[in-house]
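The structure appears right after this line, and notes come after that.
What follows is calculated from the coordinates using simple rules that are stated; it is not laboratory data. Note that this is a predicted model, so its numbers are computed, not measured. Positions of Cβ are backbone-derived with ideal geometry, glycine not excepted, and every protein chain shown enters the neighbour counts.
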Amino acid sequence: CENDSEQIPVGKRDRNLSWKAETDVDMNPKTLRFLPARKPGPQLSLADSHSPMSLFKLFFSESAMSNLCHNTNAQAARALAKGRKYSWTDVRFDEMYRYIGLVFYMAVLKMSSIADYWRQDSLFSLPLPAAVMSRDRYRTISWNLHMSHPDADKENDKKRGTAEHDQLFRLRPLLDTISIACKTFYHPRRNLAVKERLVACRANAGMTRLTKAKSAKLGFKFFVLADSSNGYTVDLSVYTGKNSFPTGHGISYDAVMSLLDKKALGSGYHVYMDDFFTSPKLLTDLLALKFGACGTYRDYRRGFPQSASNSQTKMSTRGSIRWIRDGPLVCVKWMDKKEVSVCSTIHAAYTGDRVQRKVKARDTWRTKTFPCPAAVTAYNHHMAGADLSDQLLEYFTAQHKTMKWYRKVFLHFLDIAATNAFILHKELHGNMTHKEFMEQLVADLCGVSQKEAPKQTSIDHVPVPGAELTSDVRKIATTGRRICAHCKAVFGKKQQTPWKCQACDVHLCLQLNRNCFQEWHKSV
């Protein structure tokens, strides 16, 4: 019976099947009707004007920032109670926005170290950072930045080793906020791409993964659903080293299924993926949910055809095609420089598509055309959208070295928010380049104008103690002494002083017979 034969997996039937060539005619698969749950595109009014700041606040709202400030202040209070020696005043959400503005400023304008952004004794001095906040304030906020409440962290840590322990607890408040915002303010178009994304980090957090195929070998693995038309991050999940949705079909199967919510998305979508995810079980189950799928696959994976009859060999000519159809699934092998294996529920094996390749013949390079399966052409086109997502994130990434693993992930959340905000702006208005968008976002977050450089008033340049005063009178004269920047630059001497300039954030001598503070500011 034909229906009975379709129930048998390819892996068990391939002994009786042989690979067909491109000259053999394949059936056209049934076309899925595209029924999105909402109209694809930005879920915002086209009539309204949307600034970079307003779009960024869709992902980092004032309520989310207030929660971030509350948890950061609690972490700072805990650190001070443990004996940390630095000055701290509670951070408010408007100051936190300015802090994020400086993080993006550093992403747009790269310097070799954080301290270089506050240098005032150099040809390459920058006026903005010191005008927004002092270096010490920036550092103390960075040290204490916390997405969850430290007391709740402590309770969660007590559950380590049990099923109740949440490895993502320190990320959970902001992870959920970002994930919901990504899905709320944009509805994807028909072609989606699922891929792995690695955020480089060497911290021993129990969740870092070694991935040899990535440029960053070690870090946190994200599973990402992206719109292949523009690179918008539709949804994401963090791989914790264990399966959060165990179904017995493997992490690659469960990762894709967890990202595709039929109720939220609708039906008729085409999903593209690489060989980490593709399996016959996943593609047939997605088709049952009315999602078409296409992806490269690994020949040795269970369920894919292993038949040697009429298969490709190392001697096969470039452009040769072999295929086997099993009901809705078609497995295609195509010889490019090396063999490419693709499985699809969307495409026929070969529909006449051709591609151009550079070929060397008699010491000269020539362009030749070769037959190419429709599934390979579509895969290359739509997976490029997922690669575009990663490219946009990397152009102005906020990533820099941090001491805590969860701050690395926080910076990645900033990257996602800024990149998605740019894509929304491009879809709505399309009148800014990525660089112009980031520059305007920095200006809005920091509360300055792009038209003129921020100017520091003379009121900002006042001498203040270089460190918090101690209650021990015997140590008042020595606490916080650092080398005077003017003495070192002009005279090459290492004179120490307890005074520094509040605006410039550099130590300067302030004595009756040596007023480096006055000399330093003659050029400011």
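The length gained on full extension between Arg33 and Thr184, counted as 0.36 nm times the residue separation minus their Cα-Cα distance, comes to 52.0 nm.
Here the chain is treated with +1 on each Lys and Arg Cβ and -1 on each Asp and Glu Cβ, and its dipole about the Cα centre works out to around 1720 debye.
Pulled fully out, how much extra length does the chain show between Val490 and Lys401, if you take 0.36 nm times their separation in residues and subtract their Cα-Cα distance?
Using 0.36 nm per residue and subtracting the Cα-Cα distance, I get 28.8 nm.
About the Cα centre of the range 293-383, what is the dipole size in debye to 20, counting +1 per Lys and Arg Cβ and -1 per Asp and Glu Cβ, all else neutral?
Numbers: 17 positive and 6 negative charges, 91 e Å.
Here the size comes out at about 440 debye.
So, by mean Cβ neighbours within 10 angstrom, what's the order for 158-168, 506-516, 19-29 with the highest one leading?
Values: 158-168: 10.8, 506-516: 16.9, 19-29: 14.3.
Averaged packing, sorted descending, gives the order 506-516, 19-29, 158-168.
Evaluating 6.51 cos²θ - 1.76 cosθ + 1.60 at θ = phi - 60° for every residue in the range 325-338, the Karplus couplings come out as 10, 10, x, x, 8, 10, 9, 10, 10, 10, 8, 9, 5, 9 Hz, glycine and proline recorded as x.
If you take all other residues with their beta carbon under 15 Å from the beta carbon of Lys290, and give Lys and Arg +1 and Asp and Glu -1, the sum is +3.
Sequence-distant contacts, meaning Cα pairs under 8 Å at least 6 residues apart, place the relative contact order of the chain at 20 percent.
Taking the Cβ of Cys516 as the center, what net charge do the other residues with Cβ under 12 Å away carry, scoring Lys and Arg +1 and Asp and Glu -1?
Numbers: positive: Lys488, Lys493, Lys500, Arg514, Lys522; negative: Asp121, Glu519.
Spelling it out: positives minus negatives among the neighbours equals +3.
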